[in-house]
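Read the structure below first, then the notes.
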Amino acid sequence: MPVRAATRLALAAIAVTLVLAPLGAEPEQDRLLNWPQWRGPAANGVAPSANPPLSWSESSNIRWKAPVPGRGSSSPIVWGDRVYVLTAVSESGETAPGVMHKFVVMAFNRTTGEVAWEKVAREEAPHEAAHRENGTYASASAVTDGEMLIVSFESRGLYAYDLDGNLIWEKDLGDKLMRNQFGEGTTPALHGNTIVQVWDQHGAPSFVVGLDKRTGEEKWRQIRDEIDTWATPLIVEVNGRAQAIVPALERVKSYDVETGEIVWETAGLTMNAIPSPVALGELAILMSGYRGNSLKAIDLTKAKGDITGTDAIVWSYDRDTPYVPSPLLYDGLLYMLKSNNGILTVFDAKTGKMHYGPQRIEGLDEVFSSPVGAAGRVYITDRTGNTLVLKHGTTFEVLGRNSLSDGVDASVAVAGGEIYLRGYKSLYCISEN
């Protein structure tokens with residue numbers, strides 16, 4: 001698992017053959033230097049090789065600020081000299097079902113902020129409304145392995161491009177039917193040559209599907225007795241076999257990435273499972289926080305079949321879990337926000353021991369963005385564009401407070417010396433150089 005040096009040495013001594021492998025195809029060093037997917041190189045919110053700024057404003061430490069048309073809460077991803085974002089552009093300016101939209105993939109030059117290429121994946125009038133708070137039809141993030149860029153606009157199709165924007169294939173999985181028209185936003189996961197896309201919905205059969213990265217053809221499909229979820233699957237390797245862990249209300253299930261067979265399952269979380277799972281060594285941690293609170297830490301070496309009530313569940317917690325933001329797992333510390341608020345709790349990920357919290361962070365309003373970690377710091381951004389920087393560790397300490405003029409729902413990406421922050425109107429590159 002790509003974490004900081006001391007932790008890497010400790011994990012190397014573990015006899016169990018388990019590697020966190022959210023992508024699997026690209027060289028390890030390339031993955032560490034980039035932000036290739038939702039939640040970063042190891043899908044845990046950490047940029048292990050980055051050293052981003054501590055402070056910024058609209059007039060300082062902004063290398064560039066580029067307008068992004070339309071609306072999207074799709075988070076940026078970074079590979080090489082480019083930053084990729086998705087957006088949905090309404091021709092009339094109105095975001096509503098029945099209104100024509102362009103579903104757009106954009107690649108920005110990482111140094112200058114200029115648009116390297118822009119592709120319209122589809123033009124279509126959405127069949128349902130977007131969530132009234134989110135207000136966008138482009139919520140899922142792209143993912144890349146350094147060779148292909150995988151894009152999901154969900155009901156508007158999945159697409160594979162090369163990194164120069166040439167379309168390789170597209171796949172239509174139909175129209176999602178979301179409860180109360182809460183909107184879509186499930187990012188696919190990529191491991192080796194397999195894409196895992198969760199298609200949980202309301203009023204039609206839910207399913208999870210494995211697609212061939214090279215062709216878009218289905219390798220397997222499993223029907224699920226679930227209503228809407230939004231969490232991105234976490235892909236891990238246990239004893240040489242990759243499995244995709246998928247949270248939900250009724251049952252948490254883990255699927256073999258190559259065959260789709262269920263590896264293990266347990267009782268579900270809460271409604272509206274949105275936070276994405278994280279893993280540390282042999283331990284996977286899942287949580288959700290709408291109409292209840294649920295956190296489960298699962299020993300994957302013991303997880304086989306139905307693990308409900310067994311010692312495979314190492315620890316659990318039933319308070320102060322997040323609704324929208326995903327957790328941050330940084331050098332063995334688990335950071336989670338309460339609901340969508342600037343209230344933080346920090347645990348020892350292995351034991352469940354609480355280090356501090358619930359701790360209110362003054363200066364943060366409502367939070368949709370997920371916290372990220374880099375250079376011994378934790379960055380938390382709220383919907384008004386404020387970012388609080390905390391010292392990474394077992395005690396609470398604020399290191400910096402920053403503000404931008406744009407609202408922010410998307411989670412930030414961190415790579416090298418830069419932070420890439422996607423606001424409602426603009427994409428920012430925050431850098432001291």
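The values are calculated or read from the model by the stated rules, or taken from the named source; none is laboratory data. The structure displayed is predicted, hence computed values, not measured ones. Virtual Cβ from ideal backbone geometry, glycine too; neighbours counted across all protein chains shown.
Going through (1) closer than 23 Å to Pro188 by Cβ; (2) at pLDDT below 95; (3) not hydroxyl-bearing (Ser, Thr, Tyr) one by one, Ala12 falls short only on (1). For region 118-137, filtered to residues that are touching a Phe, Trp or Tyr at 6+ places or on another chain (Cβ under 9 Å) and not in a loop (DSSP other than H, G, I, E, B), the residue that is surrounded by the fewest Cβ atoms within 10 Å (Cβ to Cβ) is Val120.
Identify all residues within region 218-252 that are out of contact with any Gly (no Cβ under 9 Å at 6 or more places or on another chain) and basic (Lys, Arg); write none if there are none. Within region 218-252, Arg224, Arg241 qualify. When the criteria are applied in full, Lys350 fails the requirement of being surrounded by 21 or more Cβ atoms within 10 Å (Cβ to Cβ) and among the charged types (D, E, K, R). For the condition within 19 Å of Leu158 (Cα to Cα), among the small types (Gly, Ala, Ser) and under 22 Å from the mean Cα position of the chain (by Cα), what is the one hit in Gly192, Gly268, Gly281? Every option except Gly192 fails the conditions. Checking Ala410, Ala415 one by one, the residue that is farther than 21 Å from Tyr356 by Cβ, at pLDDT 95 or above, small (Gly, Ala, Ser) and touching a helix residue (DSSP H, G or I) at 6+ places or on another chain (Cβ under 8 Å) is Ala415 and no other. Checked against (1) without any contact (Cβ under 8 Å) to a residue 40 or more places away in the chain; (2) within 25 Å of Asn341 (Cα to Cα); (3) touching a strand residue (DSSP E or B) at 6+ places or on another chain (Cβ under 7 Å), Arg251 meets all criteria but (2).
For region 30-42, does any single residue satisfy the condition of being surrounded by 21 or more Cβ atoms within 10 Å (Cβ to Cβ), basic (Lys, Arg), assigned to a strand (DSSP E or B) and modelled with pLDDT under 95? No, the conditions are met nowhere in region 30-42.
Would you mind finding the one in Ala142, Ala116, Ala138, Ala130 that is aliphatic (A, V, I, L, M) and more than 22 Å from the chain's Cα centre (by Cα)?
On the way: Ala142 fails: more than 22 Å from the chain's Cα centre (by Cα); Ala138 fails: more than 22 Å from the chain's Cα centre (by Cα); Ala130 fails: more than 22 Å from the chain's Cα centre (by Cα).
Exactly one of Ala142, Ala116, Ala138, Ala130 is aliphatic (A, V, I, L, M) and more than 22 Å from the chain's Cα centre (by Cα), namely Ala116.
Select from region 138-191 the residues that are hydroxyl-bearing (Ser, Thr, Tyr) and assigned to a loop (DSSP other than H, G, I, E, B) and write down the one among them that is farthest from Asn109 (Cα to Cα). Checked region 138-191; the qualifying residue farthest from Asn109 (Cα to Cα) is Thr186.
Against the numbered list (1) among the small types (Gly, Ala, Ser); (2) closer than 16 Å to Val151 by Cα; (3) out of contact with any Ser or Thr (no Cβ under 7 Å at 6 or more places or on another chain), Ser92 comes up short only at (2).
Given the criteria closer than 21 Å to Glu418 by Cβ, more than 22 Å from the chain's Cα centre (by Cα) and not in a strand (DSSP E or B), does Thr95 qualify?
Working: closer than 21 Å to Glu418 by Cβ: no; more than 22 Å from the chain's Cα centre (by Cα): yes; not in a strand (DSSP E or B): yes.
No, not satisfied.
Do we find that Val408 is buried (at least 17 other Cβ atoms within 10 Å of the Cβ), outside any strand (DSSP E or B) and under 21 Å from the mean Cα position of the chain (by Cα) in this structure? Yes.
Kindly evaluate Val252 against the criterion of being under 20 Å from Ile313 (Cβ atoms), hydrophobic (A, V, I, L, M, F, W, C), under 20 Å from the mean Cα position of the chain (by Cα) and assigned to a strand (DSSP E or B). Spelling it out, Val252 is indeed under 20 Å from Ile313 (Cβ atoms), hydrophobic (A, V, I, L, M, F, W, C), under 20 Å from the mean Cα position of the chain (by Cα) and assigned to a strand (DSSP E or B). Going residue by residue through region 342-362, is there one that turns out to be farther than 19 Å from Tyr317 by Cβ, in contact with a Ser or Thr (Cβ under 8 Å, 6 or more places away or on another chain) and of a type in the set (Phe, Trp, Tyr)? So far as region 342-362 goes, no, none of its residues is farther than 19 Å from Tyr317 by Cβ, in contact with a Ser or Thr (Cβ under 8 Å, 6 or more places away or on another chain) and of a type in the set (Phe, Trp, Tyr).
Within region 353-373, the set of residues being part of a strand (DSSP E or B) and surrounded by fewer than 23 Cβ atoms within 10 Å (Cβ to Cβ) comprises Met354, His355, Tyr356, Gly357, Pro358, Gln359, Arg360.
Within region 411-433, how many residues turn out to be charged (D, E, K, R) and over 23 Å from the mean Cα position of the chain (by Cα)? Before you say what the answer is, go through the steps one by one.
First, the residues of region 411-433 that are charged (D, E, K, R): 418, 422, 425, 432.
Pick out the ones that are also over 23 Å from the mean Cα position of the chain (by Cα) and you get 432.
Number of matching residues: 1.
In region 312-324, the count of residues that are within 27 Å of Pro48 (Cβ to Cβ), within 20 Å of the chain's Cα centre (by Cα), part of a strand (DSSP E or B) and free of Cβ contacts under 8 Å to residues at least 60 places away in the same chain is one or more. When Gln197 is tested against (1) crowded, with 18+ Cβ neighbours inside 10 Å; (2) among the polar types (S, T, N, Q); (3) assigned to a loop (DSSP other than H, G, I, E, B), only condition (3) is not met.
So which residues in region 374-391 are among the aliphatic types (A, V, I, L, M) and either in a strand (DSSP E or B) or within 25 Å of Gly292 (Cα to Cα) (or both), if there are any at all? Full working, then the answer.
Residues of region 374-391 that are among the aliphatic types (A, V, I, L, M), as a first pass: 374-375, 378, 380, 388-390.
Those that are among the aliphatic types (A, V, I, L, M) and either in a strand (DSSP E or B) or within 25 Å of Gly292 (Cα to Cα) (or both): Ala374, Val378, Ile380, Leu388, Val389, Leu390.
Looking at Ile62, is it modelled with pLDDT of 95 or more, in contact with a Phe, Trp or Tyr (Cβ under 9 Å, 6 or more places away or on another chain) and surrounded by fewer than 24 Cβ atoms within 10 Å (Cβ to Cβ)? It is true that Ile62 is modelled with pLDDT of 95 or more, in contact with a Phe, Trp or Tyr (Cβ under 9 Å, 6 or more places away or on another chain) and surrounded by fewer than 24 Cβ atoms within 10 Å (Cβ to Cβ).
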